[in-house]
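Colleague: Sharing a structure below in structure tokens format, with a few things to ask.
The values are calculated or read from the model by the stated rules, or taken from the named source; none is laboratory data. Fair warning: this is a prediction, and the values are worked out from it, not measured in the lab. Every residue, glycine among them, receives a Cβ derived from its backbone with ideal geometry; neighbour counts consider all protein chains shown. Side chains included, ligands, DNA and RNA excluded: accessible areas come from the protein's heavy atoms. Shrake-Rupley method; radii C 1.70, N 1.55, O 1.52, S 1.80 Å.
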Amino acid sequence: MKVYLHTIGCRLNQSEIETMARQLLAAGHEIVAEADQADKVIINTCAVTSKAARDGRSLTRRIHRHNPQAEIILTGCYAAIAPAELSQIEGAGRIVSNQDKDKLVQIIDPQARIDLPVFDQEPIMREFLAGGRVANTRAFIKAQDGCDNKCTFCITTVARGAGRSRHLGDVVAEIQALTAAGYQEAVLTGVHLGSYGRDLHNKTDLRDLVAAILTYTDIPRLRLSSLEPWEIPDGFFELWRNPRLLPHLHMPLQSGSDKILRRMARRTSRASFRQLAAAARAAIPNLNLTTDIIVGFPGETGADFEESLGFVREIGFTRLHVFAYSQRPGTAAANMPGHLPNAVKKERSHRMIALGEELSLAFHRQYEGETREVLWETAVGANGAGLQWAGYTDNYIRVQAIGPDDLFNRITPTELFQAQPEGISGQIL
Ligand code: SF4
């Protein structure tokens, strides 16, 4: 069977699609790069914004138009919150909920094994890495799913259900197999990583998980995807004494106004976030602190927005993911008073994005003339001097440099120069 895989949205979705791909390859199926070559298409949908949901619908129609024979299987958060709506889309085939997603490959091929011992997957992982198909050089590892918080704008907690953790031993074994297969970097993902282990009998936490990965695997680089700014285990930042744990933290603030943080039911405040950011910076040299910000939340006045801008500048984030508030049916905020016109949300997005670019450029400028380790991922162009490669430093600065043909998945010392808001140029040493 030829299968085309597509994921929309977060890194957790990415890690799930990568696992499905490995299971399909292990079952003897072929992963194809183009949907019009496929017998089956799997789309891991997202519902975090109305745009993400729209992307899932239009992709389904488009693939069906070009390949009406293929069955299109839809899973993910959009499939979880609106299965009936999604099944009405032209071309939509089976809808598989998030709860059944881990069994999806067995649903489409009952002979396939989804519990393949991790080490038996190593050749698959090696072929997968070499193929450079769905995966890139960083392996996204699902450590946790679901969330017990109730942020008022969030549909993810609705779509993915209660918080649940994978067993520490399974995560460690998967990362060791990926390392043996040649991966240079693992990215721990979850909906609410900070709650890792809370549901497990032997009361481990995220600190234990990270420490175990650093101790029992040889992965050269370990990165955390996103960490809500509360429930950070005690002594967590001490783990960064190990240079394999990368100096990059993505901690969604969502708003720099305490009034709006309360309306969002976020379990953080300006004061506690300021303290957490200071503690992280004190413990982690060269820390790249990035965040998510929602602008135009219901009830956000001009003064609240200015306060948010001011706080973002004060914390000095180094990259912002800016979202204009998107009303999601099924969330508490959808029924709140004070929804803002799109024009206001758009104007505030532009201003917050501009601030983000200013802060990113200032951060990248600090590294001009410095040498850092870069993991090279993709060739993005070529000129007379060679291939133009793109990759990331340990502290998640995007670097582009001219280099030899065989740079894929290699880590090299690179001298940095010429900062830009989106990254920096490099000279491979
Ligand atoms: S912590 Fe809040 S924003 Fe994050 S997944 Fe849970 S409910 Fe959603």
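Colleague: To the nearest 20 debye, what is the magnitude of the charge dipole of the chain about its Cα centre, counting +1 on the Cβ of each Lys and Arg and -1 on the Cβ of each Asp and Glu?
Modeller: 1100 debye
Colleague: Tell me the net charge near LEU416. Cut-off is 15 Å between Cβ atoms, LEU416 excluded, with +1 for each Lys or Arg and -1 for each Asp or Glu.
Modeller: -3
Colleague: Taking every Cα atom in the chain, find the radius of gyration and the maximum pairwise distance Dmax, and write them in Å.
Modeller: Cα-based Rg and Dmax for the chain come out at 21.6, 60 Å.
Colleague: Quick one: which residues, 5 or more positions from ASP148 or on another chain, have an amide H under 5 Å from its amide H? H modelled 1.01 Å from N in the peptide plane, none for Pro or chain starts.
Modeller: GLY163
Colleague: Expressed as a rounded percentage, what relative contact order does the range 258-323 have, with Cα pairs under 8 Å and six or more residues apart?
Modeller: 40 percent
Colleague: Name the residue from VAL344, CYS151, ILE428 whose Cα lies farthest towards the positive end of the charge dipole of the chain, charges +1 on Cβ of Lys and Arg and -1 on Cβ of Asp and Glu.
Modeller: It is VAL344.
Colleague: Let me ask something else about it. Once amide H atoms are placed 1.01 Å from N in the peptide plane, what residues at a sequence separation of 5 or more from VAL187, or on another chain, have their amide H within under 5 Å of its amide H?
Modeller: For VAL187, the qualifying residues are ALA139, PHE140, ILE141, ARG223.
Colleague: Please name which of PRO252, LEU206, HIS192 has its Cα lying farthest along the dipole of the range 118-365 towards the positive end, using unit charges on Cβ (Lys, Arg +1; Asp, Glu -1) and the Cα centre as origin.
Modeller: After comparing all options, I get PRO252.
Colleague: Tell me the carbon and sulfur percent of the accessible area for the range 371-428, rounded to whole percent, probe radius 1.4 Å.
Modeller: Answer for the range 371-428: carbon and sulfur cover 50 percent of the accessible area.
Colleague: Let me ask something else. Based on the mean of other beta carbon atoms within 10 Å per residue, what is the order of 283-296, 373-386, most packed first?
Modeller: Most protected by this proxy first, the peptides run 283-296, 373-386.
Colleague: Residues with amide H under 5 Å of THR7's amide H, sequence separation 5 or more or different chain, H placed in the peptide plane at 1.01 Å from N; which?
Modeller: It is ASN44, by chain and number.
Colleague: Evaluate the relative contact order of the range 118-365 (contact order divided by residue number), counting alpha-carbon pairs under 8 angstrom at least 6 apart; express in whole percent.
Modeller: Value for the range 118-365: 16 percent.
Colleague: For the chain, what is the accessible area per residue in Å², given a 1.4 Å probe and the full set of protein chains?
Modeller: Using a 1.4 Å probe on heavy atoms only, each residue of the chain averages 41 Å².
Colleague: Compute for the range 118-365: radius of gyration divided by Kirkwood radius, i.e. Rg/Rh, restricted to C-alpha atoms, rounded to two decimals.
Modeller: Using Cα coordinates only, the ratio equals 0.99.
Colleague: From the phi of every residue in the range 30-35, what ³J(HN,Hα) in whole Hz does the Karplus formula 6.51 cos²θ - 1.76 cosθ + 1.60 yield, where θ is phi - 60° and glycine or proline is x?
Modeller: Whole-Hz 3J(HN,Hα) from phi for the range 30-35: 10, 8, 9, 7, 10, 5.
Colleague: Classify the range 262-368 as rounded, prolate or oblate, taking a ≥ b ≥ c as the square roots of the eigenvalues of its Cα gyration tensor: rounded when a/c is under 1.5, otherwise prolate if a/b is larger than b/c and oblate if not.
Modeller: Since a/c reaches 1.5 and a/b is larger than b/c, the shape of the range 262-368 is classed as prolate.
Colleague: Over the chain, what is the relative contact order in percent, taking alpha-carbon pairs closer than 8 angstrom and at least six residues apart?
Modeller: Relative contact order, the chain: 10 percent.
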